[in-house]
Amino acid sequence: MRSSAAAGRSGAAMRAAVVGLVLVGVALAPSPAAALRPLRERVASAGAAASAGSWGDEHAFFKRDENDVGPYSWNITGTYKGSWAFAGATNGSSRFLEFVKSKGDSVLELLSTPTKISGVHYVQGSITFHDVIDNAHDHGVAQIRLEGVYIWPFRQLRMVANSGADGEPLQEEDYFLSNPYHLLRIFSSQVFQESSEEKNRRKNSLTYDMEKHCSTEIAAKVVRVSSNPNDGEHEKYRLEGLMESPAVDDDGECFSPILLNATSLNVEVYYNKAVNYTLMVTFISFIQVLLLIRQMEHSNTQSGAAKVSILMIGQQAIMDAYLCLLHLTAGILVESLFNAFATAAFFKFVVFSIFEMRYLLAIWKASRPLNSGEGWEIMRRELSVLYSRFYGILLGGILLMYELHNFLRPLLLLMYSFWVPQIVTNVIRDTRKPLHPQYILGMTVTRLAIPLYIFGCPSNFMRIEPDKKWCIAVTVFMGIQAAVLLLQHYLGSRCFIPRQILPEKYCYHRKVEDSTNQPIDCVICMTTIDLTQRTSEYMVAPCEHIFHSGCLQRWMDIKMECPTCRRSLPPA
């Protein structure tokens, strides 16, 4: 209790110190208008005359908006997305991150807290720069924590870099822990972008060196812009300003002045995006259930189920189990979106735990040799082994992805090779039409929807940078697998393999010499077989039993054994 109280007093003292220093600077200045002239002159000297003009007339800072109700009507708390650009020359400093371009995207996250001084707010937050390179970790973004004051009568925001201890939380963190926009960013960074090991090593990056040797300052003007009718009652603001960083040891500037321009975002938009995403996942899960039912009807016999690869179905079941866990975790983390994410997780749970596991069990029973004297204890033991292997692989995959977090995209590409086991099984067993074409095409499309949204949509709600190359790679990879399966379905399982390397295959359509001149009946349809016709009209089993071609093919779709002597039959 004492430590928390002391921390609160120290936080209040720090806020008071920051506010006091800024107000002392304002008081010592000749006038508020004059205090703004150096900033505008620096912008103009850097060659950004257009941006200098955006500050407008100095009297605008004293002119009240007719729609303003009071001094606290402008709450600038929120997320601002915009752009940054060098005011003049490109950045040549070795103390800051190397910028790939002379301009790029930036995101500001601000939390405004009223103070005892009328019209003055204490502000905390951070600014994230995109299109930069951290040579130590090859990151494409850099984040700086900020704190300062917002003076409402002058519409001015003044902030400096917060060089607090690594991992020290913001003093007013309740806002960030209740905002879906920030919580979803935390969730996506934990799962898709940044590992805990990388976060522990970030203190050695150039950003921390810059905070140690540089005094970063941001001066911005806050302007209220007209809201879109779709935004409802949400007020939108625009920040226009300059970011400078003179060196602490008088060794010149750490980096060239940077112009900032950002507009506030409506968090409800991201909330709606997340809800729409869960609706998409629910719809996809429903389509996958229908496709699984169609495939199970297509292979409802023992022979048909034995043609399906158990590895292919098991790999898809593991993917759906992972998606179920991810959506459930997101729903628990973001309480306001729990119902939406829990619904998506429930449908994924239905897909893998009911339909795919049931199909997995049917394939296992069909491919397993039957023993007449086998008891229930032996079957139960083998079922326990099957389920233990499945859930063992499921947990092992979670640990593997955690350890190899930096290689998440190659791992996802490997997981999306679930058609490969079926292709190999078709070639080895020379199976005929094990999968329905609608199941092949439908599963290929629905499986691609989620990764293409996360890594391909520029405005995805998880705020993950699009990776077009990976999206093209996974789409082409899945397309090739589906094309090979369709070729095997219509042209034969070994249509693309040279005959020279194929193993010798038993020929059912061979000539039979009838020396007895007695009629031979097909035991399947109980009609006479005319051996004088073409060999394609009848089939001869390895056990020398003869059947009509159509009769034996339909029989082999049910059982791969001779109807007469029950001996195993090779693939046709």
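The values are calculated or read from the model by the stated rules, or taken from the named source; none is laboratory data. These numbers come from a predicted model, not from an experiment. Please note: Cβ atoms are built from the backbone with ideal geometry, for glycine as well, and neighbour counts cover all protein chains shown. Please note that ligands, DNA and RNA were not included when accessible areas were found on the heavy atoms of the full protein model with its side chains. Shrake-Rupley method; radii C 1.70, N 1.55, O 1.52, S 1.80 Å.
Amide hydrogen proximity for Asp105: with H placed 1.01 Å from N in the peptide plane, the residues at 5 or more positions away or on another chain lying under 5 Å are Trp84, His130. Here segment 429-572 is treated with +1 on each Lys and Arg Cβ and -1 on each Asp and Glu Cβ, and its dipole about the Cα centre works out to around 560 debye. Think of a 1.4 Å ball rolled over the protein heavy atoms: segment 307-365 then has 39 Å² of accessible area per residue.
Within the accessible surface of segment 398-544, defined with a 1.4 Å probe on protein heavy atoms only, the carbon and sulfur portion equals 63 percent. In order along segment 321-331, the Karplus-derived 3J(HN,Hα) couplings, from 6.51 cos²θ - 1.76 cosθ + 1.60 at θ = phi - 60°, round to 5, 5, 5, 4, 5, 5, 5, 5, 5, 4, x Hz, and Gly and Pro are given as x.
Solvent exposure of segment 464-552, expressed per residue, is 64 Å² of accessible area, with all protein chains present and a 1.4 angstrom probe.
Efficiency by 1/(1 + (r/R0)^6): what FRET value for Glu268 and Asp105, r their Cβ-Cβ distance, R0 = 30 Å, to the nearest 0.05? Result of the calculation: an efficiency of 0.90. Spatially, segment 423-438 and segment 343-368 are offset by 20 Å when compared through their Cα centroids. When the listed pairs Lys103/Lys236; Lys81/Lys221; Lys433/Lys559 are checked against a 19 Å cut-off, the alpha-carbon distance exceeds it for Lys103/Lys236.
With every protein chain in place and a 1.4 angstrom probe, the accessible-area ranking of Tyr387, Tyr508, largest first, reads Tyr387, Tyr508. Less than 5 angstrom separates the built amide H of Ile529 from those of Ile520, Asp521, Cys522, all sequence-distant by 5 or more or on a different chain. Peptides 278-286, 464-472 ranked from most to least packed by the mean count of surrounding Cβ atoms within 10 Å: 278-286, 464-472. The translational diffusion coefficient of segment 343-500, from Stokes-Einstein at 4 °C and 1.567 mPa s with a Kirkwood hydrodynamic radius over alpha carbon pairs, comes to 70 µm²/s. Ordered by solvent-accessible area of protein heavy atoms (1.4 Å probe), largest first, the residues Leu325, Leu291 come out as Leu325, Leu291.
When the charge dipole of segment 259-408 is built from unit charges on Cβ atoms (+1 for Lys and Arg, -1 for Asp and Glu) and taken about the Cα centre, the candidate among Gly397, Tyr359, Ala330 whose Cα reaches farthest toward its positive end is Tyr359.
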